[in-house]
1. Filter the stretch 66-104 for residues that are surrounded by fewer than 18 Cβ atoms within 10 Å (Cβ to Cβ), within 26 Å of the chain's Cα centre (by Cα) and under 19 Å from residue 31 (Cβ atoms) and give the result.
2. Taking the criterion of being exposed (fewer than 12 other Cβ atoms within 10 Å of the Cβ) and at pLDDT 95 or above, would at least one residue in the stretch 426-437 satisfy it?
3. Is there any pair with a first residue in the stretch 161-188 that is on the phi > 0 side of the Ramachandran plot and a second that is assigned to a strand (DSSP E or B) and open to solvent by 30 Å² or more (accessible area, probe 1.4 Å) whose Cβ atoms are under 9 Å apart and which are 6 or more apart or on different chains, and what are they?
4. Answer yes or no as to whether residue 275 is surrounded by fewer than 16 Cβ atoms within 10 Å (Cβ to Cβ) and outside any loop (DSSP other than H, G, I, E, B).
5. If only one of 349, 331 is under 24 Å from residue 194 (Cβ atoms), within 16 Å of ligand 1 (Cβ to nearest atom) and assigned to a strand (DSSP E or B), which one is it?
6. Scan (1) in a loop (DSSP other than H, G, I, E, B); (2) more than 22 Å from residue 201 (Cβ to Cβ); (3) not small (Gly, Ala, Ser) for the single condition residue 97 breaks and write down its number.
7. If I go through the stretch 246-272 residue by residue, how many of them are of a type in the set (A, V, I, L, M, F, W, C) and within 16 Å of ligand 1 (Cβ to nearest atom)?
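The values are calculated or read from the model by the stated rules, or taken from the named source; none is laboratory data. The shown structure was predicted, so the numbers you read here are calculated from the model rather than taken from an experiment. Neighbour counts run over all protein chains shown; Cβ positions are idealised from the backbone, glycine included. Only protein heavy atoms, including side chains, enter the accessible area calculation; ligands, DNA and RNA are left aside. Shrake-Rupley method; radii C 1.70, N 1.55, O 1.52, S 1.80 Å.
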Amino acid sequence: MILSENAGNYLPEQCQYATQVKSLLNERGVICPKAHIVTFGCQQNVSDSERIKGMLLLCGYTLTEDISKADFVLFNTCAVRGHAEDRVYGNVGAVKKYKKANPNLILAVCGCMAQQQSVADKFKKSYPYVDIVFGTQQHHRLPELIYRRMTGKRVFELALDNAAIVENIPVCRDQTLKGWLPIMYGCDNFCTYCIVPYVRGRERSREPDEILHEAKSMIDSGFKEIMLLGQNVNSYGKGLNCDINFAKLLRMINDIEGDFRIRFMTSHPKDCTIELLDAIRDCKKVERHIHLPFQSGSSKILKQMNRKYDRESYLSLIKAARERIPDAEFTSDIIVGFPGETYEDFCETLSLVKEVKFTSLFTFIFSPRDGTPAAAMPDPISREEKGKWFDELLLAQDEISKELNRSLIGKEMTILCEESLGDGRLSGKSEYYSSVSFDGSEDLIGKFVTVRVESYKNNTLYGTVIN
Ligand code: SAH
Ligand code: SF4
Ligand code: F3S
């Protein structure tokens, strides 16, 4: 549990609240206060939780995996699909019994689901034991929110005012080799199915100096992989008063001295420029993998999704990328059963998948989100029917993955050794996207090795270290 070195520059008033929380906990006899954090949703949420943990450490808490021992429980929630939301209510309900046993226990809910007024109202009315609910743009005030709850009423802080990004929030990272680095927050794209722009607010980019500073400090602390995060990293820099875009940012991070790798997600096809592809080609520290969600292979459905590209332009983008980076691997997100999608439309998705040959896919059945345009569109196809299409897609991808894996036999890849699998085996990811397993001693963990691929099983490649 290490706080980043920027903790000293965090908002002075929040530092004061943190000190006050610490002494209140002490006065109330909470010895060694413990916090338990549960994170749902995407990497953005995981990264937010690392900052939440940083602020909790500043307030005197230590982290615990054991919820029954916690004095502070927080659920950082996701709203992107219905399933993500359903799980939260059950989890929150289960904390009631711990609160009975520990009257000092504070229960907080934050994140994208909590940002929705209807959800916050539900917590207010039906979950009286939830102490603090705060939105996606209020994280930086956590010490204050805890202080207010400890000295007064339940706290609901949901303002989504798109104010300036607060920098220097202390961060307590979950991992030591691979770290998240948010470069922008929010989304302005309003894809018609998606709740994110409503719950995360407007797109705001961090200043390049702040990003470079954080990247350098991560590399100095031994991180070997930096994952740049944003809902649409390709539009990074819009609204900043300097000559910057994502391609330029990649080159700047690539120029930082050190032995590390750069990954990024998510790229929106509409903003993926030739300048960016050239930067990926030129920057040796940048992975040879592009996560480029196309969502649907039908231009008609893409228009209804408000994605701002069509099937042809997506395919030409893949072609342009392959011309520059011939061995690039691609992955994608796909939605099956968007309202009004016919089986013929779905077949266009299937044919695009077969044409591009993605390394792997993240596939979802359309889930209507209240307040989005797609939730109000006629949706005549049954869930059962959509399920059949979904299975057909998985089956097709399975064949493609096998074929791709077969074609990788004999290829040499650079692997960041991440973990020991026991029995003298290690695993890690390549500069492409593949997971690779190989024989090696544990002192290789944290180092880059070259591995020649020899076989594959399911989605793992097996190989031998050649240097
Ligand atoms: N900003 C990223 C995606 C973030 S959400 C991008 O534009 O690529 C991650 C994925 O969840 C999306 O790519 C989409 O495939 C899926 N998704 C979003 N809303 C959804 C919904 N209402 N139903 C089903 N899947 C959805
Ligand atoms: Fe959602 Fe579209 Fe924004 Fe991605 S780009 S977060 S899918 S609105
Ligand atoms: Fe979920 Fe919010 Fe991420 S809705 S997917 S946690 S941005």
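1. 66, 67
2. no
3. Between residues of the stretch 161-188 that are on the phi > 0 side of the Ramachandran plot and residues that are assigned to a strand (DSSP E or B) and open to solvent by 30 Å² or more (accessible area, probe 1.4 Å), the close pairs are 162/204; 186/204.
4. yes
5. Answer to the selection: 331.
6. Every condition holds for residue 97 apart from (1).
7. Total satisfying the criteria: 4.
Yes/no per residue for (1) modelled with pLDDT of 95 or more; (2) farther than 20 Å from residue 184 by Cβ:
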{"residue": "231", "(1), (2)": "yes, no"}
{"residue": "239", "(1), (2)": "no, no"}
{"residue": "248", "(1), (2)": "yes, no"}
{"residue": "280", "(1), (2)": "yes, no"}
{"residue": "301", "(1), (2)": "yes, yes"}
